[in-house]
1. Looking at region A:62-77 only, could you name the residues that are surrounded by fewer than 17 Cβ atoms within 10 Å (Cβ to Cβ) and among the aliphatic types (A, V, I, L, M)?
2. Restricting attention to region B:160-170, which residues are surrounded by 20 or more Cβ atoms within 10 Å (Cβ to Cβ) and more than 9 Å from every other protein chain (Cβ to nearest Cβ)?
3. Return yes or no: is residue A:213 at pLDDT 90 or above and buried (at least 19 other Cβ atoms within 10 Å of the Cβ)?
4. Taking into account only those residues within region B:328-348 that are open to solvent by 30 Å² or more (accessible area, probe 1.4 Å) and out of contact with any Pro (no Cβ under 8 Å at 6 or more places or on another chain), which is farthest from residue B:45 (Cα to Cα)?
5. Within region B:66-76, can you find the residues that are under 23 Å from residue B:478 (Cα atoms) and either in contact with a His (Cβ under 8 Å, 6 or more places away or on another chain) or surrounded by fewer than 17 Cβ atoms within 10 Å (Cβ to Cβ) (or both)?
6. Inspect all residues belonging to region A:290-299 and state whether any of them is open to solvent by 50 Å² or more (accessible area, probe 1.4 Å) and farther than 22 Å from residue B:180 by Cα.
7. Condition first: out of contact with any strand residue (DSSP E or B) (no Cβ under 8 Å at 6 or more places or on another chain) and open to solvent by less than 30 Å² (accessible area, probe 1.4 Å). Now tell me which residues in region B:286-327 satisfy that.
Amino acid sequence: MASHGVPRTAAAAVRSEEARQKELHQIEAYKELVELVNTKIAERQYTLEVLASVTTLLNQNPEYYTIWNHRRRILGALMQTPATKGEGSGGEDLLLDDLQLTFSLLRKYPKCYWIWNHRNWILRTAEKSTDLDRAHHLWSGELQLVGKMLQADSRNFHAWDYRRFVVAQLERLDSSRISASEQVDPTVVKWLESEFEYTTKMIKTNLSNFSAWHNRGRIIPLLLSRQGADDRTRRHLLDEELKLISTAINTDPFDQSIWYYHQYLMSTISPGCPQHRRIALDLTNHDRQKYYEHEMEYINEILEDETDCKWIYEGLLDLAASYLEVDGGTKAFTTRDMRSWLEQLERLDPLRCGRWRDLRQKLNI
Amino acid sequence: METLDKTKWDVVIVGTGLQQSLLALALSRSGKKILHIDENKYYGGAEAALALQEAEEWAQHVDTGSATFSNAAVTTPELSQSGSGQSLASARAYSIEFSPQLLYARSSLLQYLVSSKVYRQLEFLAVGSFWVYSKDTSDAGDASSPSTAEQSSRLGQLLKVPSGREDVFQDQVLDFKAKRALMKFLRFIAEYEEHTEEWEEHKENPFSVFLTEKFRVPAALQAPLLALTLSPSGTAETSTTYALPRVARHLRSIGVFGPGFGAVQAKWGGMSEVVQVACRSCAVGGGVYVLGKGLSNPGVSASEDSDMVTLRLKDGETISTKWVVEEGNEVSSGPSQLCRSITVVSSPLAQLLPPLAEEAPSPASAVVVFPSGSLPLRPEDAKEHGAELPPVHILVFSSDTGECPAGQSILYASTSLPGDRGFQLLSMAVDALLSSVKESPSPAALWSLRYEHGSDSSDDTVSQPPNHVLRFARPSLDLAFDDSALDRVKDVWQRIVGAGTDEFLVFEDREPVGDEDE
């Protein structure tokens, strides 16, 4: 097991003179290395030797992004020089080595933009000089890596972003095997479906996974459109998602990620939602009214057990506002209801009193 | 081996139970001359694990020997009865424990195993789901598809206990109101120490009353929450003060080592394996180990040297030592007596050990609780004990624990109801558990052992031990390891090593080891 919850004994607070000297030497050595690399690059010495220096430097400081740029220059140059022995796979070996290097760096620095970026470059470059199968293999490997990173930290947004990118590449490669004339691309749908499943898995592991909910919201309209889903299928998905989120809200009304997704779903129902972002395409204002009423009903019930959760009052007010947009009358609730929810917000979140004042005006209560 | 007669020691430790062995570990770098003896031919004392043959022999001799165990009997159903087609493997393929225990993630024992570096010799496995038996649980019955069965919180008459928010979220049985009540309680328990005003008035009330009045927890959910306390007492006798810290410990431990589980156990015999590792360390540090040697009674007498004490061993040998450490008769805490049974079952009982969470380790065990009143009561019981019999706890160990061969599993059952009636209750529980697991062929018992553990603490002339003799109170019979054992070990260790700068159970590696990364 990696961690045992054991507090590591803190390093001695008092640094001996020896330690200080050692550190000063390290700083000197680092500065010399930077000097060296920059000089060599300026002289355009794109050799294996300089590459090794760059590696040492990046291992010490992967955030120094200019050095990554230098590295790519060196690699580019090296790959162009004819291989000294064997087939021209020397280039790919160099790239594969870099995949190894960045892999171990990623484990230490999972949130460093430049490492993710470099891997991206490696794979795109490797793809240019190899066949479709090999390319697919490389990108699949990448997806596995991202999966592992997300396992280690399911809320690392770098990883989520990169995941979307990698999936897009795999989609692209898969599609290129299929005739472009097909309306409904089964491989793309397959990818979107499996990514959708992946977000379900992540949410079940941790409801507070903002990135997973976000990704889910991005996938849904795409999936529906690629599937060529009909109105019934769309409506069914919408209802299923609403059911899911209502279970989540009922389980933990204090969690913000859950409310975020609820807002997203409400936004797809709203009449102002752009066509390409809608889930159900055939909603009438009457339908919308029914949805808003249903939401308000179960959220109101939660107030029986939880009176101090500000998200509930905010949620109710948002729904009330939406309801008013699609219906003149206020059959589902009264102005007095809205005032009392607002008062609760003012009580529970006094720091945002300005915002609640604004809301009061906007809602005309 | 040469005789021990007339030898001189710094410390003689009597018995290789867990406490004594941890002391031996603590002293393993002290440079003291240590003799560690045990009258049994095996290590571990009451925390030992034995092969089937050894267990059978032990059962035969139990009433003549120890004060700790009594009333033992082995049953081997005839082959024809167990239509499972399975039979017992060789006796050495089993390693059954006398006192199986769960080790919660934040237990100080784990921290000490790490700081003393012996953790490397141990492999820990995850303890999985907790289940509660209820005769009211309507049978999920229908042939559910495998995927829903996986996530199902129901298995025959057993209900899985939700162990956190995500479990509550996925549960198909609880309605919204029940989920909310449960979550409200979970939020409370996370910081219950800071909200004493919420439970102060209910301190001595039964926990179930507190749950109903304060959180409106529906009756159906009370048994699962009580189950998390692992209380040996009936529902009416389990107080809020007792229950709260235990439920908190359970819930706060979940996720510490990985998603979905909060307790672990050592592979290859649980605490008996910890004993082995601890004694081995002491031996490496120069300690001398002799099995099959006991103290005669009375064993301790004064010696001419006022710094030392003379010990008389059962074979007549006399040794002298500065310190004697032994286990006394005083019970430390928890129940003083349990009826136990150990059953080898012809099935891996995989349905009781569903995967815990995405990317979590496979659980190697499960806990099944039969709350008070859940097993059919006979009219005689109702008159004697009021309505309540104590609960039964069954620890289900898969072959992953190394304690039985693949394809089989072990049920460790215990209850605080004494005597034959306790054994009957255990038997009913085991039967109920096996019938809840619907498999074909039906799981059957291949071998079983039952015994009583602990003694009536009625005879408690806790005499003051003579000088130079340090006594451990008997370890708790709690199903979860009780950290106070470590406090006792530390106290004794401190007496022996005196004042100094050494830290308890903190060692450097004896040899440089490779990178800490795994």
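1. The one that is surrounded by fewer than 17 Cβ atoms within 10 Å (Cβ to Cβ) and among the aliphatic types (A, V, I, L, M): A:77.
2. Pass one, region B:160-170, residues surrounded by 20 or more Cβ atoms within 10 Å (Cβ to Cβ): B:160-163, B:165-169.
Scanning region B:160-170 gives B:160, B:161, B:162, B:163, B:167.
3. Numbers: at pLDDT 90 or above: yes; buried (at least 19 other Cβ atoms within 10 Å of the Cβ): yes.
The answer is yes for residue A:213.
4. Within region B:328-348, the first condition is being open to solvent by 30 Å² or more (accessible area, probe 1.4 Å), and the residues that meet it are B:329-334, B:336-337, B:348.
Okay, now just the ones that are also out of contact with any Pro (no Cβ under 8 Å at 6 or more places or on another chain), so B:329-331, B:333, B:336, B:348.
Details: B:329: 14, B:330: 16, B:331: 16, B:333: 19, B:336: 17, B:348: 28 Å.
Per the stated criteria, the residue is B:348.
5. B:66, B:67, B:68, B:69, B:70, B:73
6. Just the residues of region A:290-299 that are open to solvent by 50 Å² or more (accessible area, probe 1.4 Å), to begin with: A:290, A:293-294, A:297.
Subsequent filtering for residues that are farther than 22 Å from residue B:180 by Cα retains A:290.
Yes, region A:290-299 contains at least one residue that is open to solvent by 50 Å² or more (accessible area, probe 1.4 Å) and farther than 22 Å from residue B:180 by Cα.
7. Hit for region B:286-327 is B:317, nothing else.
Residue-wise test of (1) in a helix (DSSP H, G or I); (2) within 23 Å of residue B:127 (Cβ to Cβ); (3) among the basic types (Lys, Arg); (4) within 13 Å of chain A (Cβ to nearest Cβ).
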position: B:182; (1), (2), (3), (4): yes, yes, no, yes
position: B:185; (1), (2), (3), (4): yes, yes, no, yes
position: B:188; (1), (2), (3), (4): yes, no, no, yes
position: B:195; (1), (2), (3), (4): yes, no, no, no
position: B:209; (1), (2), (3), (4): yes, no, no, no
position: B:230; (1), (2), (3), (4): no, yes, no, no
position: B:248; (1), (2), (3), (4): yes, yes, no, no
position: B:260; (1), (2), (3), (4): no, yes, no, yes
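The values are calculated or read from the model by the stated rules, or taken from the named source; none is laboratory data. All values reported here derive from a predicted model rather than from experimental measurement. Using ideal geometry, Cβ is built from the backbone for each residue, glycine included, and neighbour counts are taken over all protein chains shown. All accessible areas refer to the heavy atoms of the entire protein, side chains included, with ligands and DNA or RNA removed. Shrake-Rupley method; radii C 1.70, N 1.55, O 1.52, S 1.80 Å.
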